[in-house]
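The values are calculated or read from the model by the stated rules, or taken from the named source; none is laboratory data. It should be emphasised that the depicted structure is a prediction, and the values quoted were computed from it without experimental measurement. Ideal geometry is used to build each Cβ from the backbone, glycine not excepted, and the neighbour counts take in all protein chains shown.
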Amino acid sequence: MLRLNPKLLILVLACCVTAIGCNRNPATYPIKGKVQFPSGSAVRMGTIETKSRELGLNARGTIQNDGTFELTTFSEGDGAVAGLHDVVVVQMVMHGEEFSSKVSTFGMVDPKHNSYRTSGLSFEVKPEGPNEILLKVDPFRGKELSEKDHKH
């Protein structure tokens, strides 16, 4: 007859409980927002990335043509974890088949916003929501794309 050691059984159960608990993601809360220049015109392209100050987890979202975005941490549109988040805005411009910074800079965000160290952007995610974020960013070299420019 097989006899189990009670101490070994307790150790195995403790490991199972720990392993199950470690695989759970922290709660996330839906985040929707908009990125604008000081005049109120929308930033029309790029990516928002946030970093939780407490957990170090990142959330990302694509900036739509109207400046809106929705954040994702673990699964599409799930949002971000609660607490303070630092924010960066990243834009890449394709010129032909190469990445380039020598194309028009109208509508581009000041490069300071693409580094957590210099961005100056942050927001707080609250569990009770709703979490609607408005990010005001500086234009690159003061060249902001207006609604009039966008229509031409």
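Here is a list of conditions, (1) at pLDDT 95 or above; (2) surrounded by 14 or more Cβ atoms within 10 Å (Cβ to Cβ), and residue 45 meets all of them except one; can you say which number that is? Tallying (1) at pLDDT 95 or above; (2) surrounded by 14 or more Cβ atoms within 10 Å (Cβ to Cβ), residue 45 fails exactly one: (1).
Please specify each residue of segment 22-46 satisfying the condition of being part of a loop (DSSP other than H, G, I, E, B) and among the aromatic types (Phe, Trp, Tyr). The answer is 37, and nothing else. Looking at the structure I just gave you, is residue 149 surrounded by 11 or more Cβ atoms within 10 Å (Cβ to Cβ), charged (D, E, K, R), at pLDDT below 95 and not in a loop (DSSP other than H, G, I, E, B)? So residue 149 fits the description; yes. Does residue 75 meet the test of being modelled with pLDDT of 95 or more and under 18 Å from residue 133 (Cβ atoms)? No; evaluated as a whole, the condition is false for this residue.
Among the residues of segment 63-82, count how many are in contact (Cβ under 8 Å) with a residue 24 or more places away in the chain and outside any loop (DSSP other than H, G, I, E, B). So the count comes out to 5.
Restricting attention to segment 1-42, report how many residues are of a type in the set (A, V, I, L, M, F, W, C) and at pLDDT 70 or above. Adding up the residues that qualify gives 6.
Say whether the condition of being surrounded by 14 or more Cβ atoms within 10 Å (Cβ to Cβ), at pLDDT 95 or above and not aliphatic (A, V, I, L, M) is met by at least one residue in segment 52-59. Within segment 52-59, one or more residues are surrounded by 14 or more Cβ atoms within 10 Å (Cβ to Cβ), at pLDDT 95 or above and not aliphatic (A, V, I, L, M). Screening residue 128 with (1) charged (D, E, K, R); (2) at pLDDT 95 or above; (3) within 19 Å of residue 27 (Cα to Cα) gives one miss only, at (2). Pairing residues of segment 127-142 that are at negative phi with residues that are assigned to a loop (DSSP other than H, G, I, E, B) and surrounded by 12 or more Cβ atoms within 10 Å (Cβ to Cβ), at Cβ distances under 6 Å and at least 6 apart in sequence or on separate chains, gives 127/82; 138/110; 139/37; 140/105; 140/108; 140/110. Selection of segment 27-48 for residues being touching a Phe, Trp or Tyr at 6+ places or on another chain (Cβ under 7 Å) and among the small types (Gly, Ala, Ser) yields only 33. Taken over segment 49-60, residues that are assigned to a strand (DSSP E or B) and closer than 15 Å to residue 124 by Cβ amount to 4. I'd like the full set of residues that are in a strand (DSSP E or B), modelled with pLDDT under 95 and under 21 Å from residue 40 (Cβ atoms), limited to segment 88-125. Listed by number, the list holds a single entry, 109.
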